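Report on the following structure.
Every read-out reported here was derived from the displayed coordinates using simple, explicitly stated rules and does not represent laboratory data. Given the structure is predicted, the values throughout are model-derived calculations rather than measurements. Here the Cβ is made from the backbone with ideal geometry for all residues, glycine too, and neighbour counts use every protein chain on show.
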Amino acid sequence: MSGGTFMGMPAFPQAAKAALADTRLRANLTHATHTIRTKRATAVAELDDWNDLREAGKQIKDHTLAHLDTYLLQLEAAVTTAGGTVHWATDADDANRIITDLVHATGHTEVVKVKSMATQEIGLNHALEQAGITAVETDLAELIVQLDDDLPSHILVPAIHKNRAQIRDIFTHHMHHWGRPAPDNLTDTPADLAEAARLHLREKFLRAKVAISGANFMIAETGTIVVLESEGNGRMCLTLPDTLITLAGIEKILPTWQDLEVFLQTLPRSSTAERMNPYTTTWTGTTPHDGPQNFHLVLLDNGRTNTLADPTGRQALRCIRCSACLNVCPVYERTGGHTYGSPYPGPIGAILTPQLHGTTTPLHASLPYASTLCGACYDVCPVAINIPDILIHLRERITDQPRSHPLESAVMKAAAWMLDHPGAYALAGQGATATRRLHPTELPLPGPAKAWSNSRDLPALPQQPFRTWWKKRPAGQGPHTPPAGEDTQR
Amino acid sequence: MTPADEAPVPATSRERVLGRVRAALGGGAASGTPRLDPAVRTYKESHVPDDPASVLALLAHNLADYRAGVHHCTAGDLPAVIARLLADRGAATAVVPPGLPPHWLDAVTGTQVVHDDGTLTAHRLDTVDSVVTGCALAVAETGTVVLDAGPGQGRRILSLVPDHHICVVEAPEQVVTSLPRALPRLDPRRPMTWISGPSATSDIELDRVEGVHGPRTLDVILVSSSPPSG
């Protein structure tokens, strides 16, 4: 009941091949991503200063990252003054240990959770289970994933890969293992499914003593934590229990309360395509007689400082987890989220996961290639993360790694030598055109290049190399009039 | 101090994270007192003109767009509107926070009013049908009401557990056009709930449906001196 794990997932190409063969998955994803895409465009078009908001969001985040140590200390002081306790975690194990100890100290063995990417990232539910603590996911999609012992496949909607009929079956078959069973004769209309989740979780909310959440934003100047949500499960977790533990990446800071005016405009529209999400809760430390009386904030590094150290890759830390880039990505739409082998799927996952965890495993090294570089993700990003640029940057890093992609390295080395030796290059060109009738018109290549060449054809070679044509062209003929037949070659 | 005490103490996680941040930023020392260039804020302070009637109409439109019930009335009619909404709901009980103007409830009959004294538990509130509150302010462009636990709003739990929330907005003084106008008027040290329509989810096929854990019915009463006709 701990949920699945991304550990040991195959590299992206293998996982994608399996996912592509799942026609129901593709239908579910196409339906969902196309629905949200159109709505997002409409919501964004309502604001004629969208580009200014996007630029301001980018600048505020860059500024914060450039002074992150100062803002972290400011945040720590403000939270502490307001009655909270701040903890620092270098990595996943550190964070899991801190949170497990905090829960143990309360004497309780059940916690309710608000959807949190950071807790997914560190595998918190598994760590809690090992320590004898049951973590109950309360976001509808997270509940679906947890009941089905599945993995999340989308940042905003972790069960996006399931359609309503599948969700009905999961509720019917699994809810009674965790508490109140699904109503008899449950239909698959979304309203009935939402009602079933309400009834199932109600008793857990009302008796909850400990809650664990993530954070969308942390305000350095005031120590205020901000959580955006839709269902009210967040409000339940953030309001009813005695103890609240919030885990947040160190990059979630904004300098001032005023900065929210940018992100509260861009995040809901980019995420759920709403002018505003139904509920946003903000709190600062503890408030006597209102909400949890014990508040712990755990600040998580877990590879973020490695990312911060890379001037090109650093911009990935601007991410506000809206998931717009997933919804427009042609690769994500076809492969789904599980293929990315991390809680962060899609284009942002392809640049975040290898930076947080390194590029030494075949899976992580394959992620920067899980893209067509079409740039749709950059266009929709509300903080203007240039995802294609970072993908190329990471590909360079992987190509430079020893023992990585040996064939590609060999080909690149040969090409480098050839381009350094103009005589050899000219000779090779003449040789290629002289033997053009012998060339195959179709790939595949044999061996390891087969995967790349399967989906590509060989371009037809012209009758003569460009250099030969240039030398031989009649005097007075301009450079823009190649001989007949040559302009059709590609 | 003995020589043994001079062995380096293992760094705390706090020191290690801060050290890594500073190393990543290219220096060992703290990065200094930062100041964001105000020139980055080229976005608009508001997207609509400051005409109170049209701002109120926009608020009403955006609240209704996200399935809140919207009711216009004058201050004199407010008690009757609250009483009618509770009666239409068939509410046997309604909780109210401290500081709610008592005359708002003058016309209520048939609904038992429970005054929160700070001791009502979540289980007790789960048996209460409705809650009546005021608000700190409302944002027209986003269709949002903000509660900041002030007088007439009370503890966050009150507007959360009952399934029906009646929220009173006093126009024009409590209505702002935009988020940049809203934030300076709010004190971040107070616990806040920003509400834009009733509870909803997009978790099933990314399609929005109303009604999950928060109040499934949200009625917003817009009080103004000259409500729109009809």
Calculate the mean, over all residues of peptide A:281-290, of how many other protein chain Cβ atoms lie within 10 angstrom of the residue's Cβ.
5
Violating pairs (Cα-Cα greater than 28 angstrom) within the set A:58/A:413; A:450/A:472; A:115/A:209; A:61/A:115; A:39/A:252
A:58/A:413; A:450/A:472
Counting only residues 5 or more places away or on other chains, whose amide H sits under 5 Å from the amide H of residue B:69 once H atoms are built in the peptide plane?
B:218, B:219, B:220
Let me know the mean shielding of B:133-142 by other chains, meaning the per-residue number of their Cβ atoms within 10 Å of its Cβ.
2
Determine ³J(HN,Hα), in whole Hz, for all residues of segment A:126-142 in sequence, where each value follows from phi through the Karplus function 6.51 cos²θ - 1.76 cosθ + 1.60 and θ = phi - 60°; x replaces Gly and Pro.
5, 4, 5, 4, 4, 8, x, 10, 8, 9, 9, 6, 10, 5, 4, 5, 5
How much length, in nm to one decimal, is gained on full extension between residue A:27 and residue A:411, taken as 0.36 nm per residue of separation minus their Cα-Cα distance?
134.4 nm
Using the number of other C-beta atoms within 10 angstrom as an exposure proxy, rank A:307, B:109 with the fewest first.
B:109, A:307
Shape category assigned to chain B from the gyration tensor of Cα positions, a/c cut at 1.5
prolate
Mean-square fluctuation maximum in Gaussian network of chain B, Cα pairs under 10 Å, restricted to B:52, B:98, B:188, hits B:188
What is the set of long-range amide H partners of residue A:253 at a cut-off below 5 Å, with H atoms built 1.01 Å from backbone N?
A:218
Per-residue HN-Hα couplings for segment A:306-312, Karplus 6.51 cos²θ - 1.76 cosθ + 1.60 at θ = phi - 60°, whole Hz, x for Gly and Pro?
4, 5, 4, 6, 9, x, 7
Just rank A:470, A:257, fewest to most, by other beta-carbon atoms within 10 angstrom.
A:470, A:257
Under the classification rounded if a/c is under 1.5, otherwise prolate if a/b is larger than b/c and oblate if not, where does segment A:282-349 fall, given a ≥ b ≥ c as square roots of the Cα gyration tensor eigenvalues?
prolate
Gyration tensor on Cα atoms of segment B:121-230, a ≥ b ≥ c root eigenvalues, a/c under 1.5 rounded, else prolate if a/b beats b/c, else oblate, says rounded
At 10 °C and 1.306 mPa s, the Stokes-Einstein diffusion coefficient in µm²/s for chain A, with hydrodynamic radius from the Kirkwood sum on alpha carbon pairs, is 64
Under the Karplus curve 6.51 cos²θ - 1.76 cosθ + 1.60, θ = phi - 60°, whole-Hz ³J(HN,Hα) for segment A:414-431, x wherever Gly or Pro sits:
4, 5, 4, 5, 4, 6, 7, 10, x, x, 5, 5, 4, 5, 5, x, 5, x
Packing-based ranking, highest mean first, of B:192-201, B:17-26, A:87-96 given that Cβ atoms within 10 Å are counted
B:192-201, A:87-96, B:17-26
Computed for chain A: size of charge dipole around the Cα centre, +1 on C-beta of each Lys and Arg, -1 on C-beta of each Asp and Glu, debye to nearest 20, value 1920
For chain B, take the longest principal axis of its alpha carbons; what is the angle in degrees between that and the long axis of helix B:78-89, to the nearest 10 within 0 to 90?
90
Exposure proxy ranking, count of Cβ atoms within 10 Å, fewest first, for A:157, A:44, A:111
A:44, A:111, A:157
